[in-house]
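This report refers to the structure that appears directly beneath it.
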Amino acid sequence: MPNDIAVDKQGRIKNRVSMSDTNLLLTITVVVFFAMYAFAVFFLGGSFTKPQSFLNILNNNASLIVLSCGMSIVMITGGIDISVGAVTGLVCMCCAVYLENHGGNLVVAILIGLGVGLAFGIVQGFLVAHLGIQPFIVSLAGMFFAKGMTTIVSKEPVRVTNESFMALKNIRVTVPGLGAYNSKTGNYIPAYVEIGVLIALAVVVIMFIVLRWTKLGRSFYAVGGNNQSANMLGINVRRTKFLAHVLCGLLAGLGGILYFLHVGSGDVANGAGDEMNAIAASIIGGTLLTGGVGNIAGTFFGVLSLNTIKRIVSSMGFDEAWWSNITVAAMICLFLIIQSVVLMRKNKKKV
Amino acid sequence: MSAETKTPVKKERRSAGEVLKRMTRHQLFIPVAALVLLVLFNLIADPSFFAVSLKQNSLGNPVLSGNIISVLDNASELVLLAIGMTLVTASSGGQDISVGAAMAIAGSVIIRLVCGGQVSVDTMQTSLILAVLAGILVSMIFGAFNGVLVAYFKIQPMVATLILFTAGRSIAAWINNNQLPIVNDQVFKYAGTFIPGIPVPTPVFITIFVIVLFWLALRFTNLGLYTQSVGINANASRLNGLDPKMIKLLTYVILGACVAVAGFIRVSRSGSINYSRIAENIEMDAILAVALGGNALGGGKFNIYGSILGAYVIQFLTTTLYKYNVPSTALPAYKAVVIILLVVLSAPVVREKMSHIGKSSKRAKEVA
């Protein structure tokens, strides 16, 4: 953050303190992630040593990265949006049905997907920001609505065979220098990422810049930190909250499209539980639930940590499905307690 | 967020007795109006909806059947959860989203003890009372876990309970080694179906018993008063000699007990358990019941009977939708529309607009 603010008056010094919390939590997340991955490489070996297996974490979670970015933004303003997972499912289903049963073209399908996300964002943002309804209840209704609508659009799974879609889905971007030789045949297999990963990384970079260096991004932090002081500083609190939800909705739509690109079909089960994964990734990434503190880079590492721990647990022999859930829960618990301690320390300092 | 939602509560408290009275009338207005609308709709659309008949079930016992009975019967779990959720909401200003997962854990513990590790049993291996008590105990421990996170670590309730929400169903599966045991003992199913000779479903009696228990507790102990005062202002109640952390924890433990009873009813209905599907989405219905009952989701004053009524309204709506062949998977979409309508109608802004003149002075006070 720019240095000139740190020198300024009282209200802004407080801002600086909360930013250092952001950095502290971000550091914890990044260190934990690298420690975890190093542990996996040295003690478990196997697939962890291959670069492709790391890239596969990105391939499988491109949509979750985008969803988590949206979630972090809403959480920074002090809200929450639990509808993103269901919206992902709805977007997948709408795109699939449009492409397959109505013979539509790809560009329109993508616009439909973004439109659905945007519509959810606008309606939820209006209810939260302008009618003052609790974000949890609003997005709960949004989740219900999206889940129900998904089955109303189609109950059966829709597999897409559209040519241009398949062409886009199968684009593999090779990453130079990370390939490996097949141990049996000796052929060089290049390491690759899917097209969705590039989009997701672009979203992370753009959102990082927006949050850090734009007026809008700064006002997200201000609103989340303290509604009333933000109001007194001349920030339009309602409009800021509204925009946060619209952005989150739009990113949920984009996340839905990426999910759709990854799985290539519309299914009622698509995106199920992703809202909780996105919240978990944001928490692990150091976004405080009380608002005002958070970092998109942390969220990105949150998604990576979440999936690395899942893979570590399963490769340690605990491959029953329940272990991964229990570990994820334990990890959320750990990070929540770290956050809580950080907050208490901060409050003590103030006194 | 919390500052915004607490504003109407503060206003309610600040105002004179007359306004308070109007507010309480207003509080129960929405669930009652919703119920009346549903009843009217069914009366006009098809009066046979209300028909109740005496039939024989597969075991040859006389049982009452009909949509009304089914509403009363199927709402039982929801009512129990709504009672606990109201207390949790009032004390901590947040909701417990792990109740569905915790029901799975309680049900799993009970089934595990009753089956004694076997896949299918015809007679129970452990006495039922012991099994249920164990289920309640385990559930209360998990409630305490949530409560400690909320009260002592000051984590937002919704997020603290996210931990159990994520892990709960997995823990339930782990308790039973991921097997799906079946209890064929008819005695086990008494609590979820009918006791021979009594034509009214047993869950109705259990629900009434629990409601009476809470009525007595609220009437003769300080539970309600303490919970409200902690929810309205934790610091002020601490200065008055209460221990807000302990009271918050207590409400979560109470919710744990309610969850266990609900979980017992649910597994007793079928004598089996499906970890990923048992009580799915029930946490959302329970929160909705609390909101529908006119309780502020930001904590403070509460009306437990509003929540109970809210739970019955939700079940009434569900049963009505089922009757008109709405598939269960599409049900959430209709429920969402109802939720949005209700919250918009009771939104603080709508109330603010009604008292538009008082708004400017309130703003001035807030700023000062």
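The values are calculated or read from the model by the stated rules, or taken from the named source; none is laboratory data. Computed from a predicted structure; not experimentally measured. Here Cβ is always computed from backbone atoms with ideal geometry, including for glycine, and neighbour counts include all displayed protein chains. For the accessible areas, the whole protein counts, side chains as well, though only heavy atoms, and no ligand, DNA or RNA atoms are used. Shrake-Rupley method; radii C 1.70, N 1.55, O 1.52, S 1.80 Å.
Out of all the residues in region B:161-178, is one or more loosely packed, with under 15 Cβ neighbours inside 10 Å and either farther than 30 Å from A:Phe335 by Cα or among the polar types (S, T, N, Q) (or both)?
Checked region B:161-178: at least one residue is loosely packed, with under 15 Cβ neighbours inside 10 Å and either farther than 30 Å from A:Phe335 by Cα or among the polar types (S, T, N, Q) (or both).
Counting the residues of region A:175-209 that are exposed (fewer than 12 other Cβ atoms within 10 Å of the Cβ) and either assigned to a strand (DSSP E or B) or modelled with pLDDT of 80 or more (or both) gives 5.
Just to be sure, is A:Asn325 part of a helix (DSSP H, G or I) and within 18 Å of A:Ala35 (Cβ to Cβ)? Judged against the criteria, A:Asn325 is not a match. When every residue of region A:164-178 is checked against the conditions, none turns out to be of a type in the set (Phe, Trp, Tyr) and in contact with a strand residue (DSSP E or B) (Cβ under 9 Å, 6 or more places away or on another chain).
Restricting B:Lys335, B:Lys301 to residues that are under 25 Å from B:Leu87 (Cα atoms) and either open to solvent by less than 10 Å² (accessible area, probe 1.4 Å) or within 11 Å of chain A (Cβ to nearest Cβ) (or both) narrows the list to B:Lys335.
In the list A:Gly132, A:Gly121, A:Gly104, which residue meets the criterion of being out of contact with any Lys or Arg (no Cβ under 7 Å at 6 or more places or on another chain), assigned to a loop (DSSP other than H, G, I, E, B), among the small types (Gly, Ala, Ser) and closer than 28 Å to A:Val237 by Cα?
On the way: A:Gly121 fails: assigned to a loop (DSSP other than H, G, I, E, B); A:Gly104 fails: closer than 28 Å to A:Val237 by Cα.
The match here is A:Gly132.
For A:Ile337, are the conditions met, namely being out of contact with any Ser or Thr (no Cβ under 8 Å at 6 or more places or on another chain) and facing chain B (nearest Cβ under 10 Å)?
yes
Among the numbered conditions (1) at pLDDT below 90; (2) over 30 Å from B:Lys154 (Cα atoms); (3) loosely packed, with under 15 Cβ neighbours inside 10 Å, the only one that B:Lys189 does not meet is (3). Considering every residue within region B:245-258, establish whether at least one is closer than 19 Å to B:Ile182 by Cα, open to solvent by less than 20 Å² (accessible area, probe 1.4 Å) and either modelled with pLDDT under 95 or assigned to a helix (DSSP H, G or I) (or both). Within region B:245-258, none of the residues are closer than 19 Å to B:Ile182 by Cα, open to solvent by less than 20 Å² (accessible area, probe 1.4 Å) and either modelled with pLDDT under 95 or assigned to a helix (DSSP H, G or I) (or both).
Scanning region A:19-57 for residues that are open to solvent by less than 30 Å² (accessible area, probe 1.4 Å), touching a residue at least 12 places away in the same chain (Cβ under 8 Å) and either over 25 Å from A:Gly317 (Cβ atoms) or not in a helix (DSSP H, G or I) (or both) yields a total of 5.
Of all positions in region A:210-227, at least one carries a residue that is without any contact (Cβ under 8 Å) to a residue 60 or more places away in the chain, closer than 20 Å to A:Gly298 by Cβ, open to solvent by less than 20 Å² (accessible area, probe 1.4 Å) and within 18 Å of the chain's Cα centre (by Cα).
Residue-wise test of (1) in a strand (DSSP E or B); (2) open to solvent by less than 40 Å² (accessible area, probe 1.4 Å); (3) closer than 26 Å to A:Val193 by Cβ; (4) more than 10 Å from chain B (Cβ to nearest Cβ).
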residue: A:Cys95; (1), (2), (3), (4): no, yes, yes, yes
residue: A:Phe144; (1), (2), (3), (4): no, yes, no, no
residue: A:Lys147; (1), (2), (3), (4): no, no, no, no
residue: A:Glu156; (1), (2), (3), (4): no, no, no, yes
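Yes or no, residue by residue, for (1) modelled with pLDDT of 95 or more; (2) not in a helix (DSSP H, G or I):
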site	(1), (2)
B:Ser91	no, no
B:Gly94	no, yes
B:Ala101	no, no
B:Met124	no, yes
B:Ser139	yes, no
B:Gly143	yes, no
B:Ile163	no, no
B:Ser170	no, no
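B:Ser139: within 11 Å of chain A (Cβ to nearest Cβ) and not aliphatic (A, V, I, L, M), yes or no? No: the conditions fail for B:Ser139. Summed over region A:296-320, residues that are open to solvent by 10 Å² or more (accessible area, probe 1.4 Å) and either within 7 Å of another protein chain (Cβ to nearest Cβ) or hydroxyl-bearing (Ser, Thr, Tyr) (or both) total 3.
B:Ser48 - would you say it is open to solvent by 10 Å² or more (accessible area, probe 1.4 Å), part of a helix (DSSP H, G or I), modelled with pLDDT of 80 or more and of a type in the set (Gly, Ala, Ser)? Yes; evaluated as a whole, the condition is true for this residue.
Residues that are within 13 Å of chain A (Cβ to nearest Cβ) and touching a residue at least 12 places away in the same chain (Cβ under 8 Å): does region B:253-272 have at least one?
No - not one qualifying residue is present in region B:253-272.
Against the list (1) of a type in the set (Ser, Thr, Tyr); (2) farther than 30 Å from B:Lys55 by Cβ; (3) in a helix (DSSP H, G or I), the condition B:Ser268 fails is (2). Considering every residue within region B:296-309, establish whether at least one is over 13 Å from B:Ala75 (Cα atoms), part of a strand (DSSP E or B) and hydroxyl-bearing (Ser, Thr, Tyr). No - not one qualifying residue is present in region B:296-309. Restricting A:Val328, A:Val293 to residues that are open to solvent by less than 10 Å² (accessible area, probe 1.4 Å), in contact with an Asp or Glu (Cβ under 7 Å, 6 or more places away or on another chain), in contact (Cβ under 8 Å) with a residue 24 or more places away in the chain and within 14 Å of another protein chain (Cβ to nearest Cβ) narrows the list to A:Val293. Counting the residues of region A:259-283 that are assigned to a loop (DSSP other than H, G, I, E, B) and open to solvent by 10 Å² or more (accessible area, probe 1.4 Å) gives 6. Among the residues of region A:111-137, those that are facing another protein chain (nearest Cβ under 10 Å), among the β-branched types (Val, Ile, Thr) and over 13 Å from A:Ala244 (Cβ atoms) comprise A:Val123, A:Ile133, A:Ile137.
Checked against the criterion of being crowded, with 18+ Cβ neighbours inside 10 Å and either touching a residue at least 12 places away in the same chain (Cβ under 8 Å) or under 26 Å from B:Thr251 (Cα atoms) (or both), the candidates B:Ala217, B:Ala144, B:Ala151 yield just one match: B:Ala151. The lone criterion from (1) more than 13 Å from chain B (Cβ to nearest Cβ); (2) buried (at least 24 other Cβ atoms within 10 Å of the Cβ); (3) farther than 24 Å from B:Ala289 by Cα left unmet by A:Gly89 is number (1).
Within the set B:Asn57, B:Asn61, the sole residue that is within 25 Å of B:Asn274 (Cβ to Cβ), polar (S, T, N, Q) and over 12 Å from the mean Cα position of the chain (by Cα) turns out to be B:Asn57. Determine if region B:161-172 includes at least one residue that is closer than 30 Å to B:Ser58 by Cβ and touching a residue at least 60 places away in the same chain (Cβ under 8 Å). Looking through region B:161-172, at least one residue is closer than 30 Å to B:Ser58 by Cβ and touching a residue at least 60 places away in the same chain (Cβ under 8 Å). Scan region B:71-79 and give yes if some residue there is touching a residue at least 24 places away in the same chain (Cβ under 8 Å) and touching a strand residue (DSSP E or B) at 6+ places or on another chain (Cβ under 7 Å), otherwise no. Within region B:71-79, none of the residues are touching a residue at least 24 places away in the same chain (Cβ under 8 Å) and touching a strand residue (DSSP E or B) at 6+ places or on another chain (Cβ under 7 Å).
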